[in-house]
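Enquirer: Please read through the structure below; I'll follow up with questions.
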Amino acid sequence: MNVIVLSAVWGVVMMFSGLFIADKSKAKYVAIAGLLVLLVANYFDLHHKFLFASSIGNMLQFESFGMIFVTIALLSTLLYVLLSGAAVEKVGNHAYEYFALLFFVLCGVGIAASYNNLLMLFLGIEIMSIPLYILTGADKRNLKSNEASLKYFLMGSFSTGIMLLGIVLLYGATGTFNLVIPAVSKASENMMVSAGIVLLAIALAFKVSAAPFHFWTPDVYDGAPTVFTSFMATVVKVAGFIAFVRLFENAFGGMTDVWQYTIALIIAATLIAGNITAVFQQSVKRMLAYSSISQAGFMLFAVYSVNAFAKEGILLYAAAYCLATIGIFAVLIKMKDFTFEGFNGLAKQQPLLALLVSIFVLSLAGIPLTAGFLSKYYMVLASIKAGGLLWLIITAMLCAAVSVYYYFRLIQAMYFKEGDANAIDVNPRFKALLVVAAVLIILLGVYPNALLLDWFHIL
Amino acid sequence: MLALLLILIPLITGVAAFFIKNEKSVKTWALVASLATLIVSLWSLMHQDNYHSIFSKEWLPDLGSSFSLGLDGMGRMLTLLTAIAFPVIFIATNKSTYKDSNQFFGLMLLSQAGLMGVFLATDLLLFYFFWELALVPVYFLSSKWGGERRIPVTFKFFIYTFLGSLIMLVGILYVYYINPEKSFSMASLYNYTFGHKAQSILFWMFFLAFAIKMPIFPFHTWQPDTYEQSPTATTMVLSGVMVKMGLFAVVRWLLPLFPEAAHGNDNIVIGLSVVGMIYASCIAMVQDDLKRLVAYSSIAHIGLMCAALFAGNSIGVQGVMVQMFNHGINIIGLWVVVELTERQFGTRKMSELGGIAQKAPALAIMLVIIALANIALPLTNAFVGEFLMFNGLYQFNVWYTVVAGLSIILAAIYTLNMIQKVFYGNTNSITENAVDINWNEKLILAVVVILIFAMGVYPKPMIELTKTSVESLVSAFK
Amino acid sequence: MMQPGLYHLLFISAALFFIGVYGFLTRRNLITMLMSVELILNSVNLNFIAFNKYVWPQRLDGVFFTVFVIAIAAAEAAVAIAIIINLYRSHQSIDVENAEELKY
């Protein structure tokens, strides 16, 4: 509750501070201050101390799963602003507004992580999406950015329509927007519920870019200003998954026979589509877009197998994926050339950066000792617990092996190929932050309990 | 405690090596570190009580995994092999210069840490961790300092083995899921008997990973290219120690966990191994490149070890234990000779060499001894192992023994052919000015040769060391 | 005069929804596409109200949901118009076919 209210308030504060502070390079400091405030607010949230007394009529539910995710999202955003805040200011003249929009997105993330009612789900997803349409088109002079935002908007609003149709069918059958679906007896009502679930699944699959509804993702991620792609591909996408998991666990957990196989098919399609296409990319930015699709395939395992392992796993996955992807994007922003060739020989010029990028890439590829391995491990374990399908798991493993192919191309380019790639404008603070991210990834990969998972049980 | 030290020393010194910029001092540092590991390993031979050889700490309680290490007979033997191999490799390749040598030696030590972990882990998930971790440094080593085609070749190697490991990971997950104690610990898994259907699926999931690593025909295609393209020091690690990971894992995990499936599939596995032996020996006969020749001969040797393991009787398994160690020594010796030849003449083509024996008698004598050990002549170490293995295989099935015996003859042909082509005959323009090896190289080859004879004449300590492992394996297998 | 029943309304709503989908998929004019999206949203609104009135008349859930949908749709339209104007400035056209910078 605290985070939801304060992030909206701070978004307004950001906009107004844009009026009073002429120097736009100060924007990121206001944003960092705001994020720190939000983290404190989140701390109170975690302990169920609400600063704002308001009757929410059971429409929001602040359970530790969602709140810990909000912590991860806020920390990732903080890392993101610290690493790439300067790049946000370079996008255009409206630095304060961009940051304000980021805060509104965080408000949506907060709602999506704690909704207990389909109305709140709808609002949360929309509050996350609408500011992103704007951010995608933030680079106004750039045609690609304009078109990306158009495409994003069209796909986003279309999927909103589908989601609303799903909600209306559930409402028609049960008469409530609560997540606890009452049992229905009539065959027609039963069909409406099933159709509603499938439509909701499709709409959310659109939002988290799962195949076959993923086709907008590469174009939008490629066209959007790289800083905002970084944010979209991490915090927002994972928030979509949290919403997805919460919906299917709380509302449809008892009806797994209706949707589980559909989700399994979506997972297989997502993994195959994402990984195979990523192999053929020449641009690192586009490769990361496809990699985000393939990672989405793994995260969908949490939706497939709604159980305790899945929830722990998706939290770990969220942390691992956000840290690694934000890190790679932060380095990518500093590069002149976004192709794989653009990274040739980076290890010579910037040995530390190359090492850190390698750690991030190894984590995304799921090599042991990194958080990426354990999070994938949790996902597969959860699906086995849920009576997993062997063909699905084998497909996932084959795809993980394929993913090594394109992730390691980056390592090959940096370490083994000749070239004079260099990152511009890299200061020690930037490197230190990346080191922190890499250390966190390794700590999460070696000993996740103390850092993350135990909190899930304590709180 | 010693078990932990065996991992920690190479790990810490390996990380530290990245910060030593001076090439000379990093070489010394790596050598000292590997000697320290060797001392600890020898120490562990003397202190075989639980306090020294077992280490356990809680790690991932939610997942039922703990950080537990343990040294048993086989573990001692293989950690000793690893500990001997690295100083030998460092001394033998002392002359080679590497750009960014700090990274090279750091990665070498890290791969040693990974190997030690594989041999020590008594928790299946921890084993998987180290299994992968041993691979990553080797990938970097081969891709950065290897030959011309290094990038695609090592990439193939990596993806191949990674795919195998991932399939094994699925198997590990199912093992955990089926095990009622929800634990990865070796003791708990050994106690549980898996059902018939589960065994038959899980067996292949694990076997695939191990077969790729060993490698067993037809999963061997990555191996000759990788051996050829890797820098020789890395090739020594790969062929001397890393292929033992596959055999070790079969003994440690595959056979005790799924004995029924192993029995059921023994003909397939032994058949593949024996076919692989003949196939590899035939190809070795037509190789011109020394590295490729040794690589194929290694496939043949590993095939014999795998076949003897699956024969499942104590004499054959005992032979494998002895041979794992001896093969590591012999093949490192062979690589040292190849390295010395290549460094001096700039080529590994047998057709371009000849008559070296006249100019470098010491090198030639050493090579002949190592090569004879490679074809298991009596009095050399490999004879003991191969004799035991053939004996075991004979008890299992005569025909396999006959076919496998054929590969020994082929091995004699290509090995003697190699000696003849490279060391005897007339000198040519390349080999005319050959000089003999210096004392440093003599020393290292002498160590190898002494080990060859010592193990050949008096193999008893090695057999004693691994006896308990053999007995427990064979009793589980019955 | 006949009172419209639930099925009439549902029929109209379904028709509107599919007209919207059809328009979205076939029209190349951005404004028309935006209108199609609005049609989809409004068909859902109609559906909410119909269910509320005929099936679950005890509470006003559905009607309130409609209010939220209208508000969100307005916000979306505002953003959409801004995007379209921006695109028009650079292309001098609002035909979606002209926006092909991002083709593979």
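Enquirer: Among (1) part of a helix (DSSP H, G or I); (2) more than 8 Å from chain A (Cβ to nearest Cβ), which single condition is C:Phe68 missing?
Expert: Every condition holds for C:Phe68 apart from (2).
Enquirer: Also, I was wondering about something else. Within region A:305-343, track down each residue that is of a type in the set (Phe, Trp, Tyr), within 14 Å of the chain's Cα centre (by Cα) and closer than 21 Å to A:Leu247 by Cβ.
Expert: A:Tyr317, A:Tyr321
Enquirer: Let me ask something else about it. Hey, could you check region B:378-401 for residues that are touching a Phe, Trp or Tyr at 6+ places or on another chain (Cβ under 9 Å) and farther than 27 Å from B:Trp439 by Cβ and say which is surrounded by the fewest Cβ atoms within 10 Å (Cβ to Cβ)?
Expert: In this case the residue turns out to be B:Pro378.
Enquirer: Inspect region C:24-43 for any residue being away from chain A (no Cβ under 11 Å), modelled with pLDDT of 90 or more, over 16 Å from the mean Cα position of the chain (by Cα) and surrounded by fewer than 16 Cβ atoms within 10 Å (Cβ to Cβ) and give the result as yes or no.
Expert: No, region C:24-43 contains no residue that is away from chain A (no Cβ under 11 Å), modelled with pLDDT of 90 or more, over 16 Å from the mean Cα position of the chain (by Cα) and surrounded by fewer than 16 Cβ atoms within 10 Å (Cβ to Cβ).
Enquirer: Quick check: is even one residue across region A:383-400 away from chain B (no Cβ under 12 Å) and assigned to a helix (DSSP H, G or I)?
Expert: No, because not a single residue in region A:383-400 is away from chain B (no Cβ under 12 Å) and assigned to a helix (DSSP H, G or I).
Enquirer: In the set A:Thr262, A:Thr234, which member is in contact (Cβ under 8 Å) with a residue 24 or more places away in the chain and surrounded by fewer than 24 Cβ atoms within 10 Å (Cβ to Cβ)?
Expert: Unique residue meeting the criteria: A:Thr262.
Yes/no matrix, rows are residues, columns are (1) assigned to a helix (DSSP H, G or I); (2) within 21 Å of C:Lys53 (Cα to Cα):
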residue	(1), (2)
A:Leu169	yes, yes
A:Ile181	no, yes
A:Glu189	yes, yes
A:Ser194	yes, no
A:Ala205	yes, no
A:His214	no, no
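Enquirer: Kindly indicate whether any position in region B:19-40 is within 14 Å of chain A (Cβ to nearest Cβ) and either surrounded by fewer than 15 Cβ atoms within 10 Å (Cβ to Cβ) or among the hydrophobic types (A, V, I, L, M, F, W, C) (or both).
Expert: Checked region B:19-40: at least one residue is within 14 Å of chain A (Cβ to nearest Cβ) and either surrounded by fewer than 15 Cβ atoms within 10 Å (Cβ to Cβ) or among the hydrophobic types (A, V, I, L, M, F, W, C) (or both).
Enquirer: Looking at region B:365-384, can you tell me whether even one residue there is closer than 20 Å to B:Asn94 by Cα and touching a helix residue (DSSP H, G or I) at 6+ places or on another chain (Cβ under 7 Å)?
Expert: yes
Enquirer: Also: Name the pairs: first residue in region B:443-468 and without any contact (Cβ under 8 Å) to a residue 40 or more places away in the chain and farther than 14 Å from B:Val320 by Cβ, second residue assigned to a helix (DSSP H, G or I) and not aliphatic (A, V, I, L, M), Cβ to Cβ under 9 Å, at least 6 apart or on different chains?
Expert: B:Glu464/B:Gly73
Enquirer: Something else: Looking at region B:120-132 only, could you name the residues that are more than 16 Å from the chain's Cα centre (by Cα) and either of a type in the set (Gly, Ala, Ser) or within 11 Å of chain A (Cβ to nearest Cβ) (or both)?
Expert: The answer is B:Ala121, B:Leu125, B:Leu126, B:Phe127, B:Tyr128, B:Phe129.
Enquirer: All but one of (1) more than 20 Å from B:Ala446 (Cβ to Cβ); (2) touching a residue at least 12 places away in the same chain (Cβ under 8 Å); (3) surrounded by fewer than 24 Cβ atoms within 10 Å (Cβ to Cβ) hold for B:Ala360, so report the exception by its number.
Expert: (1)
Enquirer: Give just the number: which of (1) in contact (Cβ under 8 Å) with a residue 60 or more places away in the chain; (2) closer than 20 Å to B:Gly114 by Cα; (3) touching a strand residue (DSSP E or B) at 6+ places or on another chain (Cβ under 9 Å) does B:Thr13 not satisfy?
Expert: The single condition B:Thr13 does not satisfy is (3).
Enquirer: Looking at region A:142-170 only, could you name the residues that are of a type in the set (A, V, I, L, M) and facing chain C (nearest Cβ under 7 Å)?
Expert: Across region A:142-170, the qualifying residues are A:Leu143, A:Ala148, A:Leu150, A:Leu154, A:Leu164, A:Leu165, A:Val168.
Enquirer: Output the number of the condition that A:Val81 fails; it satisfies all remaining conditions of (1) surrounded by 24 or more Cβ atoms within 10 Å (Cβ to Cβ); (2) more than 14 Å from chain C (Cβ to nearest Cβ); (3) β-branched (Val, Ile, Thr); (4) within 16 Å of the chain's Cα centre (by Cα).
Expert: Every condition holds for A:Val81 apart from (1).
Enquirer: A further question on this structure: A:Asp139 is checked against (1) more than 10 Å from chain C (Cβ to nearest Cβ); (2) surrounded by 24 or more Cβ atoms within 10 Å (Cβ to Cβ); (3) among the charged types (D, E, K, R) and fails just one. What number does that condition carry?
Expert: (2)
Enquirer: Next up: For region A:348-372: of the residues being closer than 9 Å to A:Ala421 by Cβ and part of a helix (DSSP H, G or I), which is nearest to the other protein chains (Cβ to nearest Cβ)?
Expert: The qualifying residue nearest to the other protein chains (Cβ to nearest Cβ) is A:Lys348.
Enquirer: Search region B:167-182 for residues being buried (at least 20 other Cβ atoms within 10 Å of the Cβ) and not hydrophobic (A, V, I, L, M, F, W, C), and hand back the single one that is nearest to the other protein chains (Cβ to nearest Cβ).
Expert: My answer is B:Tyr176.
Enquirer: Now, a different point. Which residue, of B:Phe155, B:Phe219, is farther than 25 Å from B:Ala476 by Cα and within 14 Å of chain A (Cβ to nearest Cβ)?
Expert: B:Phe155
Enquirer: I need the full set of residues from region A:312-345 which are more than 14 Å from every other protein chain (Cβ to nearest Cβ), aliphatic (A, V, I, L, M) and farther than 16 Å from A:Ala233 by Cβ, in order please.
Expert: Passing the criteria: A:Ile314, A:Met335.
Enquirer: So if I check each of C:Ala50, C:Ala14, C:Ala82, C:Ala73, which one is out of contact with any helix residue (DSSP H, G or I) (no Cβ under 6 Å at 6 or more places or on another chain) and more than 8 Å from chain A (Cβ to nearest Cβ)?
Expert: C:Ala14
Enquirer: Please verify whether B:Leu71 is touching a residue at least 60 places away in the same chain (Cβ under 8 Å) and within 14 Å of chain A (Cβ to nearest Cβ), treating the condition exactly as stated.
Expert: For B:Leu71, the condition - touching a residue at least 60 places away in the same chain (Cβ under 8 Å) and within 14 Å of chain A (Cβ to nearest Cβ) - is not met.
Enquirer: Name the single residue that is nearest to the other protein chains (Cβ to nearest Cβ) among those in region A:444-454 being assigned to a helix (DSSP H, G or I) and without any contact (Cβ under 8 Å) to a residue 40 or more places away in the chain.
Expert: Taking the candidates together, the pick is A:Asn449.
Enquirer: Could you tell me whether C:Ala74 is surrounded by fewer than 18 Cβ atoms within 10 Å (Cβ to Cβ) and either small (Gly, Ala, Ser) or not in a helix (DSSP H, G or I) (or both)?
Expert: When the stated conditions are applied, C:Ala74 passes them.
Enquirer: Could you tell me whether any residue of region A:211-223 is away from chain C (no Cβ under 14 Å), in contact (Cβ under 8 Å) with a residue 40 or more places away in the chain and of a type in the set (A, V, I, L, M)?
Expert: Scanning region A:211-223 turns up at least one residue that is away from chain C (no Cβ under 14 Å), in contact (Cβ under 8 Å) with a residue 40 or more places away in the chain and of a type in the set (A, V, I, L, M).
Enquirer: Quick one: B:Met455 ticks every box in (1) under 19 Å from B:Asp266 (Cβ atoms); (2) buried (at least 23 other Cβ atoms within 10 Å of the Cβ) bar one, so which box is it?
Expert: Failing condition for B:Met455: (1).
Enquirer: May I ask you to say which residue of B:Ser314, B:Ser273, B:Ser298, B:Ser281 is under 27 Å from B:Leu379 (Cα atoms), out of contact with any Lys or Arg (no Cβ under 7 Å at 6 or more places or on another chain) and surrounded by fewer than 22 Cβ atoms within 10 Å (Cβ to Cβ)?
Expert: B:Ser314
The values are calculated or read from the model by the stated rules, or taken from the named source; none is laboratory data. These figures come from a predicted structure and were not determined experimentally. Neighbour counts are summed over all protein chains in view; Cβ atoms, including those assigned to glycine, are modelled from backbone coordinates with ideal geometry.
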